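Working notes for the structure below.
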Amino acid sequence: MILIGIGDEAGNTIDAQIRATQELGWRHLEMRGVEVPGFPKANFHDLPDQAFDAAAEKLTAAGIAVYCFGSTRSSSRSGR
């Protein structure tokens with residue numbers, strides 16, 4: 001069984017998300033919003049290339065894999 005959590009539920013920064021994942025003894029994350037030093041918080045797949053690469057390097061160095069992506073956009077079905 002693979003245990004995962006949504007990273008930004010533990011913290012905004014990539015370092016906080018890695019730290020929480022390691023404290024739980026997990027090896028996977030569901031990436032959603034993340035803040036990389038020098039860049040504003042954004043959805044993982046919307047980060048500029050340099051920020052994405054930095055986050056990916058930190059995750060790899062920590063032995064954490066991204067299992068899936070979560071959306072930061074909410075959907076509204078009002079009026080339907």
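Observations, loosely collected:
- Within region 7-27, the set of residues being under 18 Å from residue 51 (Cα atoms) and of a type in the set (Gly, Ala, Ser) comprises 7, 11, 16.
- Pick from region 1-28, criterion buried (at least 17 other Cβ atoms within 10 Å of the Cβ) and out of contact with any strand residue (DSSP E or B) (no Cβ under 6 Å at 6 or more places or on another chain), ranking: farthest from residue 58 (Cα to Cα): 10
- Members of region 47-67 found to be surrounded by 13 or more Cβ atoms within 10 Å (Cβ to Cβ) and farther than 14 Å from residue 21 by Cβ, listed by number: 47, 48, 51, 52, 54, 56
- Tally of residues being open to solvent by 40 Å² or more (accessible area, probe 1.4 Å) and of a type in the set (A, V, I, L, M) across region 29-39: 0
- Within region 14-51, the residues that satisfy the criterion of being under 9 Å from the mean Cα position of the chain (by Cα) and more than 14 Å from residue 64 (Cβ to Cβ) are 32, 33, 35, 43.
- Subset tally (residues that are assigned to a helix (DSSP H, G or I) and in contact (Cβ under 8 Å) with a residue 12 or more places away in the chain) for region 10-45: 10
The values are calculated or read from the model by the stated rules, or taken from the named source; none is laboratory data. Not measured: the values here are computed from a predicted model. Here Cβ is always computed from backbone atoms with ideal geometry, including for glycine, and neighbour counts include all displayed protein chains. Please note that ligands, DNA and RNA were not included when accessible areas were found on the heavy atoms of the full protein model with its side chains. Shrake-Rupley method; radii C 1.70, N 1.55, O 1.52, S 1.80 Å.
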